[in-house]
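First up is the structure itself, then whatever we jot down about it.
The values are calculated or read from the model by the stated rules, or taken from the named source; none is laboratory data. All of these numbers come straight from a predicted model, not from anything done at the bench. Cβ sites come from the backbone with ideal geometry, for glycine too, and all protein chains shown count toward neighbours.
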């Protein structure tokens with residue numbers, strides 16, 4: 001029988017900047033949380049995520065049993081990508097759920113290493129990839145977009161320093177690198193990786209925030225930028241973007257590099273219009289797209305009381 005306040009066993013990456021920390025924070029406000037952090041970067045991350053070694057399997061299982069022996073039995077077990085490790089949940093009676101974030105680049109890892117097909121519920125961040133999970137036999141598949149944490153992704157009262165900023169990883173030779181290099185030639189531009197409050201400060205110092213997706217993924221950058229009340233110029237993403245936000249009301253979409261440059265030039269001059277769109281995007285994301293909204297959706301979908 002489900003208790004009045006549910007217990008959630010949450011298995012997430014140990015990354016300090018991943019959405020797992022935001023989910024843990026959101027769940028703590030509405031549920032009891034038993035967190036387990038798994039290393040997903042570096043050699044240990046590779047071992048715990050992918051190694052077929054039976055020794056590693058036993059070690060992971062022993063660690064799992066050690067850290068879960070004292071808390072009460074959970075009402076829900078939730079594993080959040082990029083944790084891609086098969087766990088033995090047989091001693092529990094709770095439903096299991098897997099949140100597949102990087103389905104556009106890691107679907108095969110979700111199948112091979114996480115055994116996503118064994119979970120009771122699968123939540124997919126990229127809407128257009130839901131069919132993949134249904135095709136391999138996942139019966140309960142739901143769209144769950146990424147989100148923002150308004151306490152971290154918030155406007156800062158900072159002087160404007162940049163015309164355009166891009167915060168994120170840039171692989172050499174990628175389409176993203178080509179776009180960013182062209183923007184840097186023409187505008188005062190920040191490019192780099194910054195995290196948490198530092199990221200929010202950089203966004204707040206920028207008139208325009210650029211998003212260039214990877215294979216059309218609806219990424220964290222979209223929600224975090226709007227939550228910081230900044231104007232977002234994003235490439236035309238599918239994966240449900242148009243169902244969540246209205247072009248030229250909450251954000252602005254571009255379809256080519258030339259169109260991107262034209263729109264940057266236009267919105268740098270149209271400050272009043274630019275800030276109005278940023279305000280509308282901010283209101284929309286706070287109303288519907290925080291991690292608390294997503295945590296509630298997970299609990300409701302899996303049949304737990306709030």
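Looking at the stretch 107-117, can you tell me whether even one residue there is within 17 Å of the chain's Cα centre (by Cα) and assigned to a helix (DSSP H, G or I)? Let's see the steps before the verdict.
As a first pass, look at the stretch 107-117 and keep what is within 17 Å of the chain's Cα centre (by Cα): 107, 110.
Next, from what is left, pick out any that are assigned to a helix (DSSP H, G or I): 107, 110.
Taking every residue of the stretch 107-117 in turn, at least one turns out to be within 17 Å of the chain's Cα centre (by Cα) and assigned to a helix (DSSP H, G or I).
From the list 249, 236, exactly one residue is surrounded by fewer than 19 Cβ atoms within 10 Å (Cβ to Cβ) and touching a helix residue (DSSP H, G or I) at 6+ places or on another chain (Cβ under 6 Å). Which is it? Reasoning before the result, please.
Details: 236 fails: touching a helix residue (DSSP H, G or I) at 6+ places or on another chain (Cβ under 6 Å).
After applying the criteria, what remains is 249.
For the stretch 60-74, does any single residue satisfy the condition of being modelled with pLDDT of 65 or more, touching a strand residue (DSSP E or B) at 6+ places or on another chain (Cβ under 8 Å), outside any helix (DSSP H, G or I) and under 21 Å from residue 140 (Cβ atoms)? First the steps, then the outcome.
Pass one, the stretch 60-74, residues modelled with pLDDT of 65 or more: 71-74.
Going one step further and asking which of them are touching a strand residue (DSSP E or B) at 6+ places or on another chain (Cβ under 8 Å), we end up with 71-74.
Then drop every residue that is not outside any helix (DSSP H, G or I), which leaves 71-74.
Of the ones still in play, those that are also under 21 Å from residue 140 (Cβ atoms) are 74.
Yes, that holds for at least one residue.
Among the residues of the stretch 289-305, is any within 18 Å of residue 167 (Cβ to Cβ), modelled with pLDDT of 95 or more and buried (at least 20 other Cβ atoms within 10 Å of the Cβ)?
no
Quick check: is even one residue across the stretch 121-133 under 20 Å from residue 20 (Cα atoms), surrounded by fewer than 20 Cβ atoms within 10 Å (Cβ to Cβ), outside the structural domain of residue 96 (by TED's automatic domain parsing) and within 18 Å of the chain's Cα centre (by Cα)?
Of the residues in the stretch 121-133, the ones under 20 Å from residue 20 (Cα atoms) are 121-127.
Add one more test, that the residue is surrounded by fewer than 20 Cβ atoms within 10 Å (Cβ to Cβ), and what stays is 127.
Retained after the next criterion (residues that are outside the structural domain of residue 96 (by TED's automatic domain parsing)): none.
Checked the stretch 121-133: no residue is under 20 Å from residue 20 (Cα atoms), surrounded by fewer than 20 Cβ atoms within 10 Å (Cβ to Cβ), outside the structural domain of residue 96 (by TED's automatic domain parsing) and within 18 Å of the chain's Cα centre (by Cα).
When we screen 168, 192 for residues that are closer than 23 Å to residue 24 by Cα and touching a strand residue (DSSP E or B) at 6+ places or on another chain (Cβ under 9 Å), the only hit is 168. Take the conditions under 15 Å from residue 127 (Cβ atoms) and surrounded by fewer than 22 Cβ atoms within 10 Å (Cβ to Cβ) and apply them to residue 243. Does it pass? Yes; evaluated as a whole, the condition is true for this residue. How many residues, within the stretch 99-113, are without any contact (Cβ under 8 Å) to a residue 40 or more places away in the chain and closer than 18 Å to residue 142 by Cα? Counting residues in the stretch 99-113 that are without any contact (Cβ under 8 Å) to a residue 40 or more places away in the chain and closer than 18 Å to residue 142 by Cα gives 6.
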